[in-house]
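Peer 1: Before we start, here is the structure in question, set down as structure tokens.
Each value in this text was obtained by applying a stated rule to the coordinates, not by laboratory testing. None of the values given here were measured: they were computed from a predicted structure. Here the Cβ positions follow ideal geometry from the backbone for every residue, glycine too, while neighbour counts run over all protein chains shown.
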Amino acid sequence: MTRMRRATVADLDAIMALEEASFPTDAWSSPMMREELSSPHSFYLVLEEEVHTGLAGYAGLRALSGSHDADVQTITVAAASRGKGLGRTLLRALLDEATQRGIRDVFLEVRADNPVAQALYVSEGFVDIGRRPGYYQPDDVDAIVMKCEMSHWHRSVLRVDAEPGTIVT
């Protein structure tokens, strides 16, 4: 079973372990991630699998209060947990949150050398709206900027477990 719940600052070490394993050349710093987890404008989730040691994944959305747009800050799935639809589960949960906040447009950047993530985003309604040359450093990889108009996205159905704040997929 996979459990999804809101991330807290107490998850920082586990998130950073997965961040550094997933993005060895351009991982966020621990202070940056702590700030994200603590911000009232951020919504972060973690995924836990019974058979996985550490986190199976995490994701974050940032939306300023009163804003009509939001940014997917990150979606990361542990290598051992990939291919199970967990990235889609995390993305849909972020988009559900955006819908609940009245967000009209969700933006993200994705590495130009990550076709799997690009395909996921397109399948959920994101469209390519531009490029940021050399955005990912030190690898000098372009970012593809994508946008999802929430009026075109259909909410997913997530079942809330008996434990408050836990979502089971």
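Peer 1: Cut-off is 10 Å between beta-carbons; in what order do M146, M16, M32, M1 appear when sorted fewest neighbours first?
Peer 2: Final ranking by Cβ density, sparse to dense: M1, M32, M16, M146.
Peer 1: Let me see the pair-distance distribution of segment 2-168: every alpha carbon pair, 5 Å bin width, integer percents in order.
Peer 2: Binned Cα distances yield the sequence 2, 8, 18, 22, 23, 18, 8, 2, 0, 0.
Peer 1: Sticking with this structure for a sec: Sticking with the crude label model, points 7 Å out along Cα→Cβ, report the distance from R132 to S67 in nm, one decimal please.
Peer 2: 1.2 nm
Peer 1: How big is the dipole moment of the chain about its Cα centre under a simple scheme where the beta carbon of each Lys and Arg is +1, that of each Asp and Glu is -1, and everything else is neutral? Debye, nearest 20, please.
Peer 2: The dipole magnitude comes to about 520 debye.
Peer 1: Related question: Choose one of L95, V116, G130: the residue whose Cα lies farthest towards the positive end of the charge dipole of segment 94-134 (beta-carbon charges +1 Lys, Arg; -1 Asp, Glu; about the Cα centre).
Peer 2: Result: G130, furthest along the dipole toward the positive end.
Peer 1: Modelled label-to-label distance, K147 and M32, 7 Å Cα→beta-carbon offset: nm?
Peer 2: 2.5 nm
Peer 1: Which of A63, A143, A79 sits closest to the plus end of the dipole of segment 1-145, meaning its Cα is farthest towards the positive end, when Lys and Arg get +1 and Asp and Glu get -1 on the C-beta?
Peer 2: A63
Peer 1: Then there's this: Starting with the highest mean, order 128-135, 3-10 by the number of other Cβ atoms within 10 Å, averaged over the residues of each peptide.
Peer 2: Packing proxy ranking, top to bottom: 3-10, 128-135.
Peer 1: Once amide H atoms are placed 1.01 Å from N in the peptide plane, what residues at a sequence separation of 5 or more from A56, or on another chain, have their amide H within under 5 Å of its amide H?
Peer 2: Amide H neighbours of A56: L47, E48, E49.
Peer 1: To continue, here is another question. Run through segment 1-103 and list the GluC sites (Glu not before Pro) located in a DSSP loop whose Cβ has at most 12 other Cβ atoms within 10 Å.
Peer 2: E50
Peer 1: Note down the nm distance, to one decimal, between modelled labels 7 Å out along Cα→Cβ at V51 and at E20.
Peer 2: Spacing of the two 7 Å Cα→Cβ label points: 2.8 nm.
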